[in-house]
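Colleague: Okay, handing you the structure first.
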Amino acid sequence: KQIQQFSDLKLRVPIPKGAKELEDLAGTFNNVLDRLDSQYEKEREFTANASHELRTPLAAIRGHLGLLNRWGKMDKKILNQSLKAMSGESKRMERLIHQLLTLSRSSTITFQKSKLHLTKTVKSVIDNYYLPIDRKLLMEGIENDIFILGDEDQIKQVLIILLDNAVKYTDKDGKIHVSLQKQGDLALLKVTDTGIGIPKEDLAKIFQRFYRVDKARARATGGTGLGLSIAKDVVERHNGTIKVNSEMNKGSEFTIILPVAGD
Ligand code: ADP
């Protein structure tokens, strides 16, 4: 708290002339204060965004409660509409809270990394979560026996985030491909869709927390704007990178590159 007040005051140490060591020390101290400043700014922004995002579905639920209270007892149509909307909004809140918790945990908890059969992990996510409901999803070019050093739950979550997005932003008659290949010491996991695509100017921003290309549409699809920032966090904490290629109205391709595990 006290430090935050210092940083608010833009307190900096005057750099003394002449004494080299003192000069260096003051410079270092000021650098630390600069970093604290930007960290506080980021946290403040994050809290403001999170509160806003939580308040929006809550306001919608309260609005529908008011409607139900006034008209719901007499009008079955309003009753059904409001119940459906409230169920959707509360699911959204649940997802958001889950993702916020994941984000805060991912910065404090050390991952349980072990030698992980990535091929099996990818197949099991698709078999368990996607194949029963979604026939447009294809596994093509899945190489056998690729291993990484990783936390299974976290890696699964990354794949689920990418697949959920591909499903959300691709029409029913579109296609989603998943491939896993080894290239030298690297494992390349790709999720490709033939969906709506992402505008060029947004490509660099979609990994930022709460960033959504089209807020209205993202809300309609239940988006929170946190998924890709979580995916990036997790992948980078596995010494990997995540990339995107996309063309409007053609589709998107997300690639995760992870170092393969040695023997
Ligand atoms: P959200 O919960 O809104 O999907 P994400 O962080 O997962 O949040 O994604 C950020 C934004 O990137 C989304 O709102 C969407 O606009 C865009 N996006 C992500 N994946 C895709 C995709 N496969 N196709 C088109 N747009 C996408």
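The values are calculated or read from the model by the stated rules, or taken from the named source; none is laboratory data. As the structure is a prediction and not an experimental result, all values here were calculated from the model. When we count neighbours, we look across all protein chains shown, and the Cβ atoms used for this are built from the backbone with ideal geometry, even at glycine. Just so you know, the surface numbers come from the protein's heavy atoms only, side chains and all, with ligands and any DNA or RNA stripped out. Shrake-Rupley method; radii C 1.70, N 1.55, O 1.52, S 1.80 Å.
Colleague: Just name the residue that is nearest to Glu253 (Cα to Cα) out of those in segment 176-188 that are open to solvent by 10 Å² or more (accessible area, probe 1.4 Å) and under 22 Å from the mean Cα position of the chain (by Cα).
Modeller: Quick first cut of segment 176-188, residues open to solvent by 10 Å² or more (accessible area, probe 1.4 Å) only: 177, 179, 181-186, 188.
Now restrict to residues that are under 22 Å from the mean Cα position of the chain (by Cα): 177, 179, 188.
Values: His177: 9, Ser179: 11, Leu188: 12 Å.
Applying the filter and picking the extreme gives His177.
A quick yes/no check of all residues on (1) out of contact with any Gly (no Cβ under 8 Å at 6 or more places or on another chain); (2) open to solvent by 60 Å² or more (accessible area, probe 1.4 Å); (3) touching a residue at least 12 places away in the same chain (Cβ under 8 Å); (4) outside any helix (DSSP H, G or I):
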{"position": "Pro16", "(1), (2), (3), (4)": "yes, no, no, yes"}
{"position": "Glu23", "(1), (2), (3), (4)": "yes, yes, no, no"}
{"position": "Gly27", "(1), (2), (3), (4)": "yes, no, yes, no"}
{"position": "Asn30", "(1), (2), (3), (4)": "yes, no, yes, no"}
{"position": "Leu33", "(1), (2), (3), (4)": "yes, no, yes, no"}
{"position": "Tyr40", "(1), (2), (3), (4)": "yes, no, yes, no"}
{"position": "Gly63", "(1), (2), (3), (4)": "yes, no, no, no"}
{"position": "Leu68", "(1), (2), (3), (4)": "yes, no, yes, no"}
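Colleague: Can I ask one more? Taking segment 203-230 on its own, how many of its residues are of a type in the set (D, E, K, R), modelled with pLDDT of 85 or more and surrounded by fewer than 15 Cβ atoms within 10 Å (Cβ to Cβ)? Show your work before the answer.
Modeller: Here is the first cut: in segment 203-230, the ones of a type in the set (D, E, K, R) are 205, 209, 212, 214-215, 217, 219.
Applying the additional criterion that residues be modelled with pLDDT of 85 or more yields 205, 209, 212.
With the extra rule that they be surrounded by fewer than 15 Cβ atoms within 10 Å (Cβ to Cβ), the set shrinks to 205.
Qualifying residue count, segment 203-230: 1.
Colleague: Taking the condition of being within 16 Å of the ligand (Cβ to nearest atom) and either in a strand (DSSP E or B) or modelled with pLDDT under 95 (or both), how many residues in segment 250-263 meet it? Quick ask: steps written out before the conclusion?
Modeller: Step one: filter segment 250-263 for residues within 16 Å of the ligand (Cβ to nearest atom), giving 250-256.
Subsequent filtering for residues that are either in a strand (DSSP E or B) or modelled with pLDDT under 95 (or both) retains 251-256.
Number of matching residues: 6.
Colleague: Can we say Lys91 is of a type outside the set (Ser, Thr, Tyr) and surrounded by fewer than 13 Cβ atoms within 10 Å (Cβ to Cβ)?
Modeller: Details: of a type outside the set (Ser, Thr, Tyr): yes; surrounded by fewer than 13 Cβ atoms within 10 Å (Cβ to Cβ): yes.
When the stated conditions are applied, Lys91 passes them.
Colleague: Name the residue that is nearest to the ligand (Cβ to nearest atom), counting only residues in segment 135-151 that are surrounded by 15 or more Cβ atoms within 10 Å (Cβ to Cβ) and outside any strand (DSSP E or B).
Modeller: First, the residues of segment 135-151 that are surrounded by 15 or more Cβ atoms within 10 Å (Cβ to Cβ): 136-137, 139, 142, 146-151.
Of the ones still in play, those that are also outside any strand (DSSP E or B) are 136, 146, 151.
Values: Lys136: 13, Ile146: 23, Asp151: 20 Å.
Per the stated criteria, the residue is Lys136.
Colleague: Looking at segment 140-163, I want the residues that are touching a residue at least 40 places away in the same chain (Cβ under 8 Å) and have a partner that is among the small types (Gly, Ala, Ser) and in a strand (DSSP E or B) with Cβ atoms under 7 Å, at least 6 apart or on another chain. Which pairs are those?
Modeller: Matching pairs, first to second residue: Gly141/Ser179; Ile146/Ala187; Ile148/Ala187.
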